[in-house]
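A.B. asks: Below you'll find the structure I mean.
The values are calculated or read from the model by the stated rules, or taken from the named source; none is laboratory data. Please read all numbers here as calculations on a predicted model, not as lab measurements. All Cβ positions, glycine included, derive from the backbone under ideal geometry; neighbour counts span all protein chains shown. Quick note on the areas: whole protein, heavy atoms, side chains included, nothing else; ligands and nucleic acids left out. Shrake-Rupley method; radii C 1.70, N 1.55, O 1.52, S 1.80 Å.
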Amino acid sequence: VQLQASGGGLVQAGGSLRLSCAASESISGFNVVGWYRQVPGKERMWVAQIFRNGYTNYEDSVKGRFTISRDNAKNTVYLQMNSLSPEDTAVYYCLARTSFGHYWGQGTQVTVSS
């Protein structure tokens, strides 16, 4: 499984971005797909995830601002990020957990200016 993350960029505080995580094969069988983020010198932290049954959950600091969703036809999981703040600046990664293992995508940089 290969994952391609995209959609990062530079945005002002209060703005929005939508990240995409495109998979090389059908995501309908993935147990869960999550988004994580990492800032230099710190651990990679979980942000949001979506399960095969559609259930979603979020880290507390992004609840109400971020929305994770998926399009099975496009084999893509999205992270809609609204009301961004400088504290959201990080490299964002997607992770797919399957019955055969877990797979990381490459990161996409999100920078929020104040």
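A.B. asks: Confirm whether Gln12 is closer than 15 Å to Leu95 by Cβ, open to solvent by 40 Å² or more (accessible area, probe 1.4 Å) and of a type outside the set (Phe, Trp, Tyr).
C.D. replies: Values: closer than 15 Å to Leu95 by Cβ: no; open to solvent by 40 Å² or more (accessible area, probe 1.4 Å): yes; of a type outside the set (Phe, Trp, Tyr): yes.
So Gln12 does not fit the description; no.
A.B. asks: To continue, here is another question. State yes or no: is Asn82 closer than 26 Å to Gly101 by Cα, open to solvent by 40 Å² or more (accessible area, probe 1.4 Å) and among the polar types (S, T, N, Q)?
C.D. replies: It is false that Asn82 is closer than 26 Å to Gly101 by Cα, open to solvent by 40 Å² or more (accessible area, probe 1.4 Å) and among the polar types (S, T, N, Q).
A.B. asks: Enumerate the pairs (first residue in segment 44-60 and closer than 17 Å to Tyr93 by Cβ; second residue anywhere and acidic (Asp, Glu)) with beta-carbon separation below 8 Å, excluding pairs fewer than 6 apart on the same chain, so at least 6 apart or on different chains.
C.D. replies: Hits for this filter: Met45/Glu59; Trp46/Glu59; Val47/Glu59; Ala48/Glu59.
A.B. asks: So for segment 89-101 (the condition being open to solvent by 40 Å² or more (accessible area, probe 1.4 Å), more than 11 Å from the chain's Cα centre (by Cα) and closer than 17 Å to Ser20 by Cβ), does at least one residue qualify?
C.D. replies: no
A.B. asks: For segment 52-79, which positions are among the hydroxyl-bearing types (Ser, Thr, Tyr) and either part of a helix (DSSP H, G or I) or open to solvent by less than 40 Å² (accessible area, probe 1.4 Å) (or both)?
C.D. replies: Residues satisfying the conditions are Ser61, Thr76, Tyr78.
A.B. asks: A follow-up question, please. With the requirement that a residue be closer than 13 Å to Tyr36 by Cα, without any contact (Cβ under 8 Å) to a residue 60 or more places away in the chain and not in a strand (DSSP E or B), what does segment 80-114 give you?
C.D. replies: Residues satisfying the conditions are Asp88, Thr89.
A.B. asks: Here's another thing I want to ask about it. Within the group Arg37, Arg18, which residue is assigned to a strand (DSSP E or B) and open to solvent by 50 Å² or more (accessible area, probe 1.4 Å)?
C.D. replies: None of the others qualify; the one that does is Arg18.
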